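The values are calculated or read from the model by the stated rules, or taken from the named source; none is laboratory data. Predicted, not measured: the structure shown is a model, and the values here were computed from it. In this analysis, Cβ positions are derived from the backbone assuming ideal geometry, glycine residues included, and neighbour counts consider all displayed protein chains. These area figures cover heavy atoms from the full protein model, side chains too; ligands, DNA and RNA do not enter into them. Shrake-Rupley method; radii C 1.70, N 1.55, O 1.52, S 1.80 Å.
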Amino acid sequence: MPEAHPLPEPFGFLPPPSPPYGVVVAGGDLDEPALVAETARLVAGASLCIAADGGLRLLRAANLWPHLLAGDFDTLTAAEVEAARAAGVEVRRVPPAKDFTDTELALDLARQRLGPAPLYLVGGVGDRVDHTLANLLMATRWVASGHALRVLAGPAHVAPLVGPGEVRFQGRPGQVVSLVPLTPRMTGVSTQGLVYPLADATLAWGTAYTVSNALAGTEGAFRARTGLGLVILQRRH
């Protein structure tokens, strides 16, 4: 396993969040102590916090309750749901047979209540490859539609890059960061502050050309003129 190193605070994307914003906490690979601390900081300043089913467990690990708990509750026990209700959490239960995931439901509820305010999706990345891909592509669709959304997960932080635009981030020197194209072409791709620089490059999807770059210092950026991609900032080398 890669060696863990202390991360600068805050680790992740720039600029750091400022109210109003919402937090949706999903399931996934949540076995990362730093993620608990990050979630606690995010929730402390959030206008709205929604737990999508098993995401409640991450919040409870931080001794927090959401404003709203939503899902079909196929992960949580009845006792966990009732404990949330007893703590004053609004509970929205939906049938297991549905045309959307619990995470999608929670994001839609957050958008209904917060309008255009930025959203942070905590979790949603784990050993269910189908859920992981669906959540990351869903995040990209939201950003491409003009809604600010970023993903904080156990293995990495992820931000969609929609051209024309940029994604800025910070970490330690050597922090691994990748850009994964999602459209047939991304044009005008450039970097700032990375070990392997790019200037006005054209990327094709299905290639690994921009995987495993790294921060040269403590801050960097990916920029693109056209196309969609995912910027993935790993927690460890």
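Just so you know, in the range 176-211 the residues that are under 20 Å from A139 (Cα atoms) and outside any loop (DSSP other than H, G, I, E, B) include one that is most open to solvent (accessible area, probe 1.4 Å), and it is R185. If the condition is being open to solvent by 90 Å² or more (accessible area, probe 1.4 Å), within 19 Å of E32 (Cα to Cα) and aliphatic (A, V, I, L, M), then the range 123-134 contributes only V129.
Scoring L137 on the criteria (1) touching a residue at least 24 places away in the same chain (Cβ under 8 Å); (2) surrounded by fewer than 17 Cβ atoms within 10 Å (Cβ to Cβ); (3) in contact with a helix residue (DSSP H, G or I) (Cβ under 8 Å, 6 or more places away or on another chain) leaves a single failure, condition (3). Being modelled with pLDDT under 95, part of a loop (DSSP other than H, G, I, E, B), under 29 Å from A26 (Cα atoms) and touching a helix residue (DSSP H, G or I) at 6+ places or on another chain (Cβ under 6 Å): is that true of G154 here? Spelling it out, G154 is indeed modelled with pLDDT under 95, part of a loop (DSSP other than H, G, I, E, B), under 29 Å from A26 (Cα atoms) and touching a helix residue (DSSP H, G or I) at 6+ places or on another chain (Cβ under 6 Å). Inspection of the range 112-122 identifies at least one residue that is open to solvent by less than 80 Å² (accessible area, probe 1.4 Å), closer than 20 Å to L42 by Cβ and assigned to a helix (DSSP H, G or I). Summed over the range 64-91, the residues that are open to solvent by less than 70 Å² (accessible area, probe 1.4 Å) and either of a type in the set (K, R) or on the phi > 0 side of the Ramachandran plot (or both) give a count of 3.
Taken over the range 44-63, the criterion of being open to solvent by 10 Å² or more (accessible area, probe 1.4 Å) and modelled with pLDDT of 95 or more is satisfied by A46, S47, L48. Of the numbered criteria (1) more than 19 Å from the chain's Cα centre (by Cα); (2) part of a helix (DSSP H, G or I), the one A40 fails is (1).
For the range 92-111, give me each residue that is open to solvent by less than 20 Å² (accessible area, probe 1.4 Å) and of a type in the set (S, T, Y). T103 - this is the single residue of the range 92-111 that is open to solvent by less than 20 Å² (accessible area, probe 1.4 Å) and of a type in the set (S, T, Y). Of the residues making up the range 212-227, those that are in a strand (DSSP E or B) and crowded, with 22+ Cβ neighbours inside 10 Å are G220, F222, A224. Condition first: loosely packed, with under 14 Cβ neighbours inside 10 Å and either over 19 Å from R223 (Cα atoms) or aliphatic (A, V, I, L, M) (or both). Can you find one or more residues in the range 160-174 that meet it? Checking the range 160-174: at least one residue is loosely packed, with under 14 Cβ neighbours inside 10 Å and either over 19 Å from R223 (Cα atoms) or aliphatic (A, V, I, L, M) (or both).
Taking the condition free of Cβ contacts under 8 Å to residues at least 60 places away in the same chain and within 18 Å of H131 (Cα to Cα), does A97 pass? It is true that A97 is free of Cβ contacts under 8 Å to residues at least 60 places away in the same chain and within 18 Å of H131 (Cα to Cα). The C-beta contact set for the range 108-123 (first residue within 13 Å of S145 (Cα to Cα), second residue open to solvent by 30 Å² or more (accessible area, probe 1.4 Å), distance under 6 angstrom, 6+ apart or interchain) comprises P118/A148. Has the range 61-80 got any residue that is in contact (Cβ under 8 Å) with a residue 24 or more places away in the chain, farther than 14 Å from G22 by Cα and part of a strand (DSSP E or B)? Scanning the range 61-80, I find at least one residue that is in contact (Cβ under 8 Å) with a residue 24 or more places away in the chain, farther than 14 Å from G22 by Cα and part of a strand (DSSP E or B), so the answer is yes.
This table checks each residue for (1) at pLDDT 95 or above; (2) farther than 18 Å from H157 by Cβ.
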{"site": "G28", "(1), (2)": "no, no"}
{"site": "W65", "(1), (2)": "yes, yes"}
{"site": "L69", "(1), (2)": "yes, yes"}
{"site": "P95", "(1), (2)": "no, yes"}
